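Let me begin by presenting the structure, written as structure tokens, before commenting on it.
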Amino acid sequence: MVKKRSDSIYADANFGPVQKSNLSLKNRSNLKCNIIVDKSLCTLCKTCVLVCPENTIKESKKQITIDKKFCKMCLICLEECPRKAIKQI
Ligand code: SF4
Ligand code: SF4
């Protein structure tokens, strides 16, 4: 069965990044958020805004901002950005 793109988002959300890092979601919540948006690549498509499970990414005044206080470092935004504009530093 061919999965729709939206299915893969949530499959990755539950298993992909966590398995790769070998950390549980609980442990990842202790990680400091170290992601940034490269404004030169961002097209303001808002995919990241839609996929963030913590609702920490906002678009305002033609700028993407991440509220790092609530970011759980799931890295879904990083994986789903079509422009690869979200990066870890
Ligand atoms: S998904 Fe990527 S290109 Fe789209 S708004 Fe977010 S950072 Fe910008
Ligand atoms: S890493 Fe996860 S929680 Fe943090 S901003 Fe991206 S999608 Fe949201």
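Here, each number is a calculation from the coordinates, and none is a lab measurement. Computed from a predicted structure; not experimentally measured. Here Cβ is always computed from backbone atoms with ideal geometry, including for glycine, and neighbour counts include all displayed protein chains.
I want to make sure I understand the PRE zone here: with the label point 7 angstrom from the Cα of residue 43 toward its beta carbon, which residues in the range 67-85 have backbone N atoms less than 13 Å away?
81-85
What does the charge count near residue 35 come to, summing +1 for each Lys or Arg and -1 for each Asp or Glu among other residues with Cβ under 9 Å from its Cβ?
Counting the neighbours of residue 35, the net charge comes to +2.
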